[in-house]
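> Okay, here's the structure, questions in a sec.
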Amino acid sequence: MSMTVDFSDFEKGFAKVVKKCPEEGARGLFKAGNQLLIDAKEEPPYCPYDDGILRRSGQVNKAEVKRNEVSVVVGFNKEYAARWHELTPAEDSKINWSLPGSGRKYLESKMVKFKDQYMEIVADYIKDALKRK
């Protein structure tokens, strides 16, 4: 299972910059991915917490640099995460979350809410690299 958030405006300019310093773009995406996991745990709706298995499963893979493209995979253990992600609002309202403020879409909602901040993290890495060149 995967989800995608539209970063097309950012990607247009990003593709040009990736040609100049792809490794810095990868470092920035990795850092932004880590911030996404932090936000999923610290901003509502929180990543559910019962025994901590789901939270400990959070992972940011090394960003991949391919021809004119840099990407990163961020997420939580898919078995646990998919269970909560797929809830309908009606199902969500019937769950007694052990951590108040927890709920569905705890990762996806941050991708939408903090999209600009994540793009800024990446942009700052690239900007710093371009200053050094």
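Throughout, read-outs are computed from the coordinates displayed, never taken from laboratory work. All values derive from a computational prediction rather than experimental measurement. Cβ placement follows ideal geometry from the backbone for every residue including glycine, while neighbour counts extend to all protein chains displayed.
> What does the charge count around Ser109 come to, taking other residues whose C-beta lies under 10 Å from its C-beta (Lys +1, Arg +1, Asp -1, Glu -1)?
Numbers: positive: Arg104, Lys105, Lys110, Lys113; negative: Asp39, Glu43, Glu108.
With Lys, Arg at +1 and Asp, Glu at -1, the neighbours total +1.
> How big is the chain along each principal axis, measuring the range of its Cα positions in Å and listing the largest first?
Principal extents (Cα only, largest first): 54, 25, 22 Å.
> How much net charge surrounds Lys62 when only other residues with a Cβ under 15 Å from its Cβ are counted (Lys, Arg +1; Asp, Glu -1)?
-1
> Averaging sequence separations of C-alpha pairs under 8 Å and six or more residues apart, then dividing by the length of the chain, give the relative contact order as a whole percent. Spell out each step's value before the answer.
Working: 166 pairs, mean separation 48.5, N = 133.
Once normalised by length, the contact order is 36 percent.
> Would you mind checking Lys78/Lys105; Lys31/Lys105; Lys41/Lys127; Lys41/Lys78; Lys20/Lys131 for any pair whose Cα atoms are more than 19 angstrom apart? Don't jump to the answer; show the numbers that get you there.
Values: Lys78/Lys105 13 Å; Lys31/Lys105 21 Å; Lys41/Lys127 29 Å; Lys41/Lys78 16 Å; Lys20/Lys131 12 Å.
Flagged as over cut-off: Lys31/Lys105; Lys41/Lys127.
> Compute the distance in nm between two label points, each set 7 Å from the Cα along the Cα-to-Cβ direction, one at Ser98 and one at Val65.
If labels sit at Ser98 and Val65, their model points lie 4.2 nm apart.
> At 222 nm, what helix-only mean residue ellipticity would the chain give, in deg cm²/dmol to the nearest 500, using -39500 (n - 2.57) for each DSSP H run of four or more? Mind dumping the intermediate values first?
Values: 7 runs with 75 residues, N = 133.
For the chain, the value works out to -17000 deg cm²/dmol.
> Sticking with this one: Could you please report the charge total around Arg27, scoring K, R as +1 and D, E as -1 over all other residues with beta-carbon less than 12 angstrom from its beta-carbon? The partial results should precede the final answer.
Working: positive: Lys31, Lys62; negative: Glu23, Glu24, Asp124, Asp128.
For residues surrounding Arg27, the net value is -2.
> Now a separate question. In which sequence would Val70, Val112, Val122, Val60 go, from the one with the fewest C-beta neighbours within 10 Å to the one with the most? Spell out each step's value before the answer.
Numbers: Val70 23, Val112 10, Val122 26, Val60 18.
Fewest-to-most ranking of Val70, Val112, Val122, Val60: Val112, Val60, Val70, Val122.
> Right, another one. In degrees from 0 to 90, rounded to the nearest 10, what is the angle of the helix 8-20 Cα long axis to the longest principal axis of the chain?
Tilt relative to the chain: about 40 degrees.
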